[in-house]
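J.: Quick one: the structure is below, questions incoming.
The values are calculated or read from the model by the stated rules, or taken from the named source; none is laboratory data. Fair warning: this is a prediction, and the values are worked out from it, not measured in the lab. Positions of Cβ are backbone-derived with ideal geometry, glycine not excepted, and every protein chain shown enters the neighbour counts. Heads up: the accessible areas ignore ligands, DNA and RNA and are worked out on the full protein's heavy atoms, side chains in. Shrake-Rupley method; radii C 1.70, N 1.55, O 1.52, S 1.80 Å.
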Amino acid sequence: MSLIPSFFGRRSNIFDPFSLDVWDPFKDFPFSSSSLTTQTPETSAFVNTRIDWKETEEAHVFKADVPGLKKEEVKVEVEDDRVLQISGERNIEKEDKNDKWHRVERSSGKFMRRFRLPENAKMDQIKASMENGVLTVTVRKVEVKKPDVKAVEISG
């Protein structure tokens, strides 16, 4: 038995610890093993929610894609004075009925992201809105006064 895995060809030896073949004990059942997990594609996308953070001259803007989520299912909180926490939870129940069978499928998912905000963030001026499945959180920035520039005459 080789201790070096082969990257150029598939191995099919069940005694080889580096074999790329994975035994699926449910492969001969009438349902797929992937249907045994409670994560649907929608839930999987929800759990892996991506959040973009963009800094403009006036504010820090966070955008999160949370399709199908109601605003009541999303929380925007501030922890430890400077940590912005965005979280959400989704519970889905799908029911199918037929003359011969009755199936109820449930799935759920949660996400939570935390961001430590810089010192220039105004923690008392945070606004959140949700439109078309996109959560937008805006944190205003402290205005930095630019020094006045005066024109100086050059004598000569």
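J.: List pairs: first residue in the stretch 106-134 and on the phi > 0 side of the Ramachandran plot, second residue open to solvent by less than 70 Å² (accessible area, probe 1.4 Å) anywhere in the structure, Cβ distance under 9 angstrom, at least six positions apart or on different chains.
T.: Taking only residues 6 or more apart or on different chains, the pairs are G133/V66; G133/L69.
J.: Go through the stretch 122-156 and give me each residue that's touching a strand residue (DSSP E or B) at 6+ places or on another chain (Cβ under 7 Å) and farther than 24 Å from D81 by Cα.
T.: Across the stretch 122-156, the qualifying residues are G133, V134.
J.: Inspect all residues belonging to the stretch 136-155 and state whether any of them is loosely packed, with under 11 Cβ neighbours inside 10 Å, of a type in the set (S, T, Y), without any contact (Cβ under 8 Å) to a residue 24 or more places away in the chain and over 18 Å from V66 (Cα atoms).
T.: Taking every residue of the stretch 136-155 in turn, at least one turns out to be loosely packed, with under 11 Cβ neighbours inside 10 Å, of a type in the set (S, T, Y), without any contact (Cβ under 8 Å) to a residue 24 or more places away in the chain and over 18 Å from V66 (Cα atoms).
J.: Go through K70, K54, K75 for me and flag whichever is farther than 25 Å from L117 by Cβ and either without any contact (Cβ under 8 Å) to a residue 40 or more places away in the chain or among the aliphatic types (A, V, I, L, M) (or both).
T.: K70
One line per residue, one yes/no per condition, for (1) modelled with pLDDT of 80 or more; (2) in a strand (DSSP E or B):
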residue	(1), (2)
S35	no, no
E42	no, no
E89	yes, yes
E95	yes, yes
S107	no, yes
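J.: While we're looking at this one, here's another question. How many residues are within 19 Å of V66 (Cβ to Cβ) and either in contact with a helix residue (DSSP H, G or I) (Cβ under 9 Å, 6 or more places away or on another chain) or open to solvent by 50 Å² or more (accessible area, probe 1.4 Å) (or both) if we restrict to the stretch 94-125?
T.: Count: 8.
J.: Does the stretch 100-132 hold any residues that are basic (K, R), farther than 18 Å from V76 by Cβ and more than 23 Å from the chain's Cα centre (by Cα), and which are they?
T.: If the condition is that a residue be basic (K, R), farther than 18 Å from V76 by Cβ and more than 23 Å from the chain's Cα centre (by Cα), then K100, R103 are the ones that fit.
J.: Collect the residues in the stretch 74-87 that are modelled with pLDDT of 90 or more and either surrounded by 14 or more Cβ atoms within 10 Å (Cβ to Cβ) or not in a strand (DSSP E or B) (or both), keeping them in residue-number order.
T.: V74, V76, V78, L84, Q85, I86, S87 - these are the residues of the stretch 74-87 that are modelled with pLDDT of 90 or more and either surrounded by 14 or more Cβ atoms within 10 Å (Cβ to Cβ) or not in a strand (DSSP E or B) (or both).
J.: Oh, and also: Residue check: is K63 under 30 Å from V144 (Cα atoms), at pLDDT 85 or above and over 16 Å from the mean Cα position of the chain (by Cα)?
T.: The answer is no for K63.
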